[in-house]
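Before any comments, here is the structure.
The values are calculated or read from the model by the stated rules, or taken from the named source; none is laboratory data. Everything numeric in this text was worked out from a predicted model, so none of it was measured. No Cβ is skipped: glycine too gets one built from the backbone with ideal geometry, and neighbour counts run over all protein chains shown. Ligands, DNA and RNA are excluded from the accessible area calculation, which covers all protein heavy atoms including side chains. Shrake-Rupley method; radii C 1.70, N 1.55, O 1.52, S 1.80 Å.
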Amino acid sequence: MRFISLANRNIKEVYRDHVSMGLGLGLPIVLLVLFASIGKNAPIKIFTANALTPAVIVFSFGFLTLYSAMLLARDRESAFLTRLLTTPLKPSDFILSYILPFLPIALLQITVCFVVGSLYGVTINLSIIFALIILFTLAFACIGIGMIIGSLFSESQTGGIGSIVIVIISLFSGAWMDLKMVGGIFGAVGYALPFAYALDATRGILNGSGWGDIIIDFYWVLGYALIFFIGGILCFRWRTKR
């Protein structure tokens, strides 16, 4: 396949950055342990293991957006990508080659958080497989957002914009507060984005809720993932034509 060689190169670039790797994998574990410890002393529903573990995972996906955007923007501004534009690669090939290196990181983030969460009482059964699928789909969507940012903005700009995305996920995903209870602008904006749907669906699976709402939430996440992926391709094509 045409994009595999470029994807392999990008994988090496990603895994050479030990600081980013450590932050992307280590920070979620620290947050999970910290808030779980708080939950033991202050029995609040949102700090229970089944609610907290998916929240930390969704929050950690913001770093995938930041790192993927910075990698694409850095290469786009260098002679490396300029030379690649002379090859038969299509915009979809470029976007796939920049998405693939981050998918194993997303899977590792999910797995490690569930392993740590199981120590605090996360419900582990066969239904967790579907929870993994939902979260992995959201990770794909977050990387797609990174592709859009990396296509449109410079490397120096992606850091700030990626940080804004992390704040948006933190505020509007429902990770640290119940959006349905808060309502208002937070509820409206939260359910106009995919993060709250992924979080609600995952929490519903872990708590044994009915599958009707969970399936609908998954469709929302899947739809956004496709939109962001196609948006990344279109933005990259527009930028290269310029």
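Assorted remarks:
- Computed extension length for residue 78-residue 163: 28.3 nm, one decimal, from 0.36 nm per residue of separation with the Cα-Cα distance subtracted.
- Calculated accessible area for the stretch 127-238 comes out at 42 Å² per residue, all protein chains present (probe 1.4 Å; ligands, DNA, RNA ignored).
- Farthest toward positive dipole pole in the chain [+1 Lys/Arg, -1 Asp/Glu at C-beta], among 122, 31, 71: 71
- For the chain, relative contact order (Cα pairs under 8 Å, six or more residues apart, normalised by length) works out to 28 percent.
- Element breakdown for the chain at a 1.4 angstrom probe: carbon and sulfur atoms account for 70% of the accessible area.
- Difference of contour (0.36 nm per residue) and Cα-Cα distance, residue 176 to residue 107: 22.6 nm
- Restricting the stretch 30-103 to chymotrypsin sites (Phe, Trp or Tyr not before Pro) in coil, as DSSP defines it, with at most 13 other Cβ within 10 Å: none
- Relative contact order (%) - the stretch 191-242, alpha-carbon pairs under 8 angstrom, separation at least six: 33
- Candidate lysines - alpha carbon under 21 Å from residue 180, same-chain residues fewer than 8 apart omitted: 45
- Here residue 241 is the anchor, and the lysines within straight C-alpha reach of less than 27 Å, apart from those fewer than 8 places off in the same chain, are 90.
- Pairs of Cα atoms nearer than 8 Å and 6+ residues apart set the relative contact order; for the stretch 5-131 it is 42 percent.
- Alpha-carbon centroids, the stretch 93-122 and the stretch 148-192: separation in whole Å: 20
- A full extension of the chain between residue 127 and residue 37 corresponds to an added length of 29.8 nm, given 0.36 nm per residue minus the alpha carbon distance.
- Shape of the stretch 151-194, Cα gyration tensor, a/c cut at 1.5: prolate
- Sorting 145-156, 11-22, 172-183 by average packing, meaning the other beta carbons within 10 Å per residue, from highest down gives 145-156, 172-183, 11-22.
- FRET efficiency, 1/(1 + (r/R0)^6) with R0 22 Å, evaluated for residue 45 and residue 189 via beta carbons: 0.50
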